[in-house]
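*Asks:* This is the structure I want to talk about, given as structure tokens.
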Amino acid sequence: MGEQSPKAPVVAEAHAVDTFHPPQKMLDKHPSKPHLSSLEEYQKLYKESITEPKKFWGRLARELLTWSKDFQTVHSGSLAGGDNAWFLEGELNASYNCVDRHAFKDPNKVAIIYEADEPSDGRNVTYGELLRDVSKLAHVLTQMGVRKGDTVAIYLPMIPEAIVALLACSRIGAVHSVVFAGFSADSLRDRVIDGGSKVVITTDEGKRGGKLIGTKKIVDEALKQCPDVGHVLVYKRTGADIPMTEGRDFWWHEEVEKWPSYYPPVAVNSEDPLFLLYTSGSTGKPKGVMHTTGGYLLGAATTGKYVFDIHDGDRYFCGGDVGWITGHTYVVYAPLLLGVSTVVFEGTPAYPNFSRYWDIIEQHKVTQFYVAPTALRLLKRAGNQHVRNEMKHLRVLGSVGEPIAAEIWKWYFEVVGKEEAHIVDTYWQTETGSNVITPLAGVTPTKPGSASLPFFGIEPAIVDPVSGEEIHGNDVEGVLAFKQPWPSMARTVWGAHKRYMDTYLNVYKGYYFTGDGAGRDHEGFYWIRGRVDDVVNVSGHRLSTAEIEAALIEHASIAEAAVVGVADELTGQAVNAFVSIKNGAEVDDALRKDFILQVRRSIGPFAAPKAVFVVPDLPKTRSGKIMRRILRKILAGEEDQLGDISTLSDPSVVEKIITIVHEGK
Ligand code: 6R9
């Protein structure tokens, strides 16, 4: 990014190389102007959000959400107590806020731009149609016995009906529990049972990147061990010939036909649960993160407005899947709460070719695009010739899910955005509900690789992991925690509040612990370093090494397993597994493949190890603790920095493992 280039952005004086300001061309093509006029205005509002959070959030809650009953208490509880509650007496309905209020104003406005796997198969859904579709499905769910507070499992690909399903649940006060449609039958089963779901919504098949996925088959398999599921609703996506279980399985199109097109929204308390979403943690069992209605919706609406600078008439495209938090907050809730059009993309960035994202952006005049760096790495590698489109309407390019390397950031800015769009590297988590450290489009100066500054209401602290003390001042490194509660923070882990306390709130008393390492530079900008726990991030997917290990030792031949994440050029991190074999059985290539298959079967294809090393034994302390640190060092080629290995019960295994890794087996 040379200053000699006529297109170069205005560069800050002190750090000429790496501070970028919102491009003038972005401001020139803006339909009006960004919601905030300057960094100073952000700083003023930010200060208010920290010193007078009740005043700040009370105002925004009334401005951005429609309440059927106003609240009197903006917030109660504390991080130490783990009892945070927001807008306490308030009542509202999520689907009313996402659909009705916009449909009443303009029923013909496009709510969903559906980009099907085959480029020619898409269609639009207007707010008026969405209200009818959501209402009809709300009737169907009610008929199936779903009541306020009941959980409904959703196992759907990226089709408009996924949004309809989420909103139909919220319309009747039910709790949606979306399970990513790449999860295996076993994973689906565990989530259905843990969430207590009584109904499952799925498709006959899914279609992605030209390939068919047998979603209903996976549901049938999972439900063999879920006696409490009374009904399965099946949307016909491909028309495949699938078995339907009499009395349990019903076709979506046949059921919705029976019911009228309006169903009154059921008002719920602000703190009633809106959804569960399972995520991986340090221990084997996935956690059902619970979000409540008022606070979560406010987080989605506020970040949609200020981070992405969403304005009326925008067309917003988030490439995340609705099976993850990014899809929840930024495919569904943020754009619909703000009444704009959201792109629902069923396919992959590589199908039918590497121009797919860019074609979608061009065709629909997309104004904000939001995706994980892993997709950008793939597309950068595929070559600039695929990015042939002008994409003139793009104002904001978002990044999420993992750190974005400076070179990818610059490619995004220069090649995709033509230096006319503002890059927002948004840091957040399933548990935070919405963006927490992020630039505001059109406002915040950015540095490639830094998520920049805290969002409203977020008071970050860098904590020394050894002493547990907060490290004040700038130019510091440690682990990242937050000092104040914020409206969209998760309220609990479903059925395991103690685990919630122990994972997030009891680690450093009075703080919310993110699990990420971070630095704060000399200008107060935050740099996320990655997880400090046993979580690996593969292509933006959050995986627990413990969960993969648990899957591996289910295999009849595996005695012990240790899984570590290693840096990977394409996927950010990759899963590498070390296994020891029962009774010294012979291991051939077929068996090795079967180990990988075991993980695919048990969790899902996206969790499959990239390499499996069969070792005589794992490096363990005398008390039996596996020293994953040693495995990580060996994989990184840092055998000379293993440190003291004399505490191992059998130090000689280290040499053997090094040889095996070098041989690549
Ligand atoms: C939204 C989402 C959360 C973990 C998080 C961190 C990593 C997310 C990031 C980022 C660096 C960013 N992460 N955004 N790391 N820069 N902009 O991804 O939620 O699936 O729960 O993952 O992802 O490690 O702790 P989730």
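*Asks:* Give, in whole angstrom and from largest to smallest, the semi-axes √(5λ) of the equivalent ellipsoid of the stretch 375-530, with λ running over the eigenvalues of the Cα gyration tensor.
*Replies:* Working: eigenvalues 207, 59, 38 Å².
Ellipsoid semi-axes (Å, largest first): 32, 17, 14.
*Asks:* I'd like to check one number: the per residue accessible area of the stretch 592-652, probe 1.4 Å, reported in Å² as a whole number.
*Replies:* Ligands and nucleic acids excluded, the figure is 51 Å² per residue.
*Asks:* Quick one: if you take sqrt(5λ) for each eigenvalue of the C-alpha gyration tensor of the stretch 33-167, what semi-axes come out, biggest first, whole angstrom?
*Replies:* Taking √(5λ) for each Cα gyration eigenvalue gives 33, 23, 15 Å.
*Asks:* Can you list residues whose amide H is under 5 Å from Ile471's amide H, if they're 5+ apart or on another chain and H is modeled 1.01 Å from N?
*Replies:* Ile462, Val463, Asp464
*Asks:* Here's a follow-up. Please work out the ratio of the alpha-carbon Rg of the chain to 2.2 N^0.38 Å and round it to two decimals.
*Replies:* Relative to the 2.2 N^0.38 Å estimate, the chain comes out at 0.95.
*Asks:* With Kirkwood's inverse mean 1/r over C-alpha pairs for Rh, give me the Rg to Rh ratio of the stretch 153-193, two decimals please.
*Replies:* Checking Rg against Rh, the ratio lands at 0.99.
*Asks:* OK, next. Relative to the Cα centre, what is the charge dipole magnitude of the stretch 588-665, using +1 at the beta carbon of each Lys and Arg, -1 at the beta carbon of each Asp and Glu, and rounding to the nearest 20 debye? Working shown, then result.
*Replies:* Numbers: 14 positive and 11 negative charges, 99 e Å.
The calculation lands at about 480 debye.
*Asks:* At a Cα cut-off below 17 Å, give the lysines reachable from Lys25, other chains included and same-chain residues fewer than 8 away excluded.
*Replies:* Qualifying lysines at Cα under 17 Å: Lys7, Lys33, Lys365, Lys392, Lys410, Lys418.
*Asks:* Right, something else. As I understand it, the dipole of the chain uses +1 on the Cβ of Lys and Arg and -1 on the Cβ of Asp and Glu, about the Cα centre. Which of Leu635, Gln143, Ala85 lies farthest toward its positive end?
*Replies:* Gln143
*Asks:* From the phi angles alone, apply the Karplus equation (6.51, -1.76, 1.60; θ = phi - 60°) to the stretch 93-98 and give each ³J(HN,Hα) in whole Hz, x where the residue is Gly or Pro.
*Replies:* Running phi through 6.51 cos²θ - 1.76 cosθ + 1.60 with θ = phi - 60° gives 9, 5, 5, 4, 5, 8 Hz.
*Asks:* To continue, here is another question. Aspartates and glutamates within cross-link reach of Lys224: Cα-Cα under 16 Å, excluding same-chain residues under 8 positions apart?
*Replies:* Asp186, Asp190, Asp194, Glu246, Asp249
*Asks:* For the stretch 432-437, what does the Karplus curve 6.51 cos²θ - 1.76 cosθ + 1.60, with θ = phi - 60°, yield as ³J(HN,Hα) per residue in whole Hz, taken in order and with x for Gly and Pro?
*Replies:* Along the stretch 432-437, the couplings run 7, x, 8, 3, 10, 10 Hz.
*Asks:* When the helices in the chain are scored as -39500 (n - 2.57) per DSSP H run of 4 or longer and the sum is shared across all residues, what 222 nm value do you end up with, to the nearest 500 deg cm²/dmol? Before the final figure, lay out each step's value.
*Replies:* Numbers: 19 runs with 177 residues, N = 665.
Helices in the chain give a 222 nm mean residue ellipticity of -7500 deg cm²/dmol.
*Asks:* Calculate log10 I(q)/I(0) of the stretch 31-89 for q = 0.25, 0.28, 0.29 Å⁻¹, where I(q) comes from the Debye formula with a single equal point scatterer on each Cα and nothing for solvent.
*Replies:* Each listed q corresponds, in turn, to -1.06, -1.14, -1.16.
*Asks:* Convert each backbone phi in the stretch 506-516 into a coupling constant with the Karplus relation 6.51 cos²θ - 1.76 cosθ + 1.60 (shift: θ = phi - 60°), then list the ³J(HN,Hα) values in order as whole Hz, x for Gly and Pro.
*Replies:* 9, 5, 10, 4, x, 10, 8, 9, 7, x, 10
*Asks:* How large are Rg and Dmax for the stretch 361-409 when only the alpha carbon atoms are used, in Å?
*Replies:* Gyration radius and largest Cα-Cα distance of the stretch 361-409: 11.3, 29 Å.
*Asks:* Work out Dmax and Rg for the stretch 519-583 from the C-alpha atoms and quote the Rg first, both in angstrom.
*Replies:* In Å, with Rg to one decimal and Dmax whole: 15.6, 58.
*Asks:* Calculate, in whole percent, how much of the Cα-Cα pair population of the stretch 214-266 lies beyond 13 Å. Provide the component values of the computation, followed by the final result.
*Replies:* Working: 899 of 1378 pairs.
When every Cα pair of the stretch 214-266 is considered, 65 percent fall beyond 13 Å.
*Asks:* Can you tell me how much longer the chain between Glu52 and Lys217 gets when fully stretched, taken as 0.36 nm per residue apart minus their C-alpha distance, in nm with one decimal?
*Replies:* Values: separation 165, 0.36 × 165 = 59.40 nm, distance 5.23 nm.
My answer for the length gained is 54.2 nm.
*Asks:* I would also like to ask the following. For the stretch 235-287, with only Lys/Arg (+1) and Asp/Glu (-1) charged at the beta-carbon, what is the dipole magnitude about the Cα centre, in debye rounded to 20?
*Replies:* 300 debye
*Asks:* Using the crude model of +1 on Lys and Arg Cβ and -1 on Asp and Glu Cβ, and no other charge, please compute the dipole size for the stretch 409-524 relative to its Cα centre, in debye to 20.
*Replies:* Dipole magnitude for the stretch 409-524 comes out near 500 debye.
*Asks:* In a solvent-free Debye calculation with one equal scatterer on each Cα, what is log10 I(q)/I(0) for the stretch 75-151 at q = 0.16, 0.22 Å⁻¹, listed in the order of the q values?
*Replies:* The Cα Debye sum returns log10 ratios of -0.82, -1.01.
*Asks:* Report the Cα-based extents of the stretch 319-418 along its three principal axes, largest first, to the nearest Å.
*Replies:* 35, 28, 25
*Asks:* Computed over the Cα atoms of the stretch 460-526, what is the ratio Rg over Rh, Rh following Kirkwood? Don't jump to the answer; show the numbers that get you there.
*Replies:* Working: Rg = 12.8 Å, Rh = 12.6 Å.
So for the stretch 460-526, dividing Rg by the Kirkwood Rh gives 1.02.
*Asks:* What is the set of long-range amide H partners of Gly398 at a cut-off below 5 Å, with H atoms built 1.01 Å from backbone N?
*Replies:* Sorted by chain and number, the residues that satisfy this are Phe369, Tyr370, Val371, Val424.
*Asks:* Per residue, how many Å² of accessible area does the stretch 336-459 show with a 1.4 Å probe? Show your work: numbers first, answer last.
*Replies:* Values: 3000 Å² over 124 residues.
Per residue, the stretch 336-459 has 24 Å² of solvent-accessible surface.
*Asks:* Starting from the Cα of Lys211, draw a straight line to each of the aspartates and glutamates and keep only those under 19 Å, dropping any in the same chain fewer than 8 residues away.
*Replies:* Straight-distance partners of Lys211: Glu115, Asp117, Glu118, Asp121, Asp241, Asp321, Glu346.
*Asks:* Probe radius 1.4 Å, ligands and nucleic acids ignored: give me the carbon and sulfur share of the accessible area of the chain as a rounded percent. Don't skip to the end; give the middle numbers.
*Replies:* Details: 12870 of 25060 Å².
C and S atoms contribute 51 percent here.
*Asks:* Quick one, what does Rg over Rh come out to for the stretch 524-665 if you take C-alpha atoms and the Kirkwood Rh? Walk me through the intermediate numbers first.
*Replies:* Details: Rg = 15.1 Å, Rh = 15.7 Å.
Rounded to two decimals, Rg/Rh equals 0.97.
*Asks:* Skipping prolines and chain starts, which residues have an amide H placed within reach, meaning under 5 Å, of the one on Ser452, given they are 5 or more residues away or on another chain?
*Replies:* For Ser452, whose amide H was placed from the backbone, the distant partners under 5 Å are Tyr526.
*Asks:* Right, here's the next one. Please name whichever of Val110, Ser649, Asn435 sits farthest to the positive end of the charge dipole of the chain, dipole taken about the Cα centre and charges placed at Cβ: Lys and Arg +1, Asp and Glu -1.
*Replies:* Toward the positive end, the furthest listed residue is Val110.
*Asks:* Separate question: Determine the per residue accessible area of the stretch 20-171 with all protein chains present and a 1.4 angstrom probe, expressed in square angstrom.
*Replies:* Spelled out: the 1.4 Å probe surface of the stretch 20-171, per residue, equals 40 Å².
*Asks:* Here's a follow-up. Given labels modelled 7 Å from the Cα in the Cβ direction, how far is it in nm from His662 to His253?
*Replies:* Each label point lies 7 Å from its Cα, and together they span 6.3 nm.
*Asks:* Taking +1 at the Cβ of each Lys and Arg and -1 at the Cβ of each Asp and Glu, which of Thr492, His311, Tyr46 sits farthest along the dipole of the chain towards its positive end, judged by Cα position relative to the Cα centre?
*Replies:* Of the listed residues, the answer is His311.
The values are calculated or read from the model by the stated rules, or taken from the named source; none is laboratory data. Everything numeric here is computed off the predicted structure, so don't read it as measured data. Please note: Cβ atoms are built from the backbone with ideal geometry, for glycine as well, and neighbour counts cover all protein chains shown. Protein only, heavy atoms only, side chains kept; ligands, DNA and RNA dropped before computing areas. Shrake-Rupley method; radii C 1.70, N 1.55, O 1.52, S 1.80 Å.
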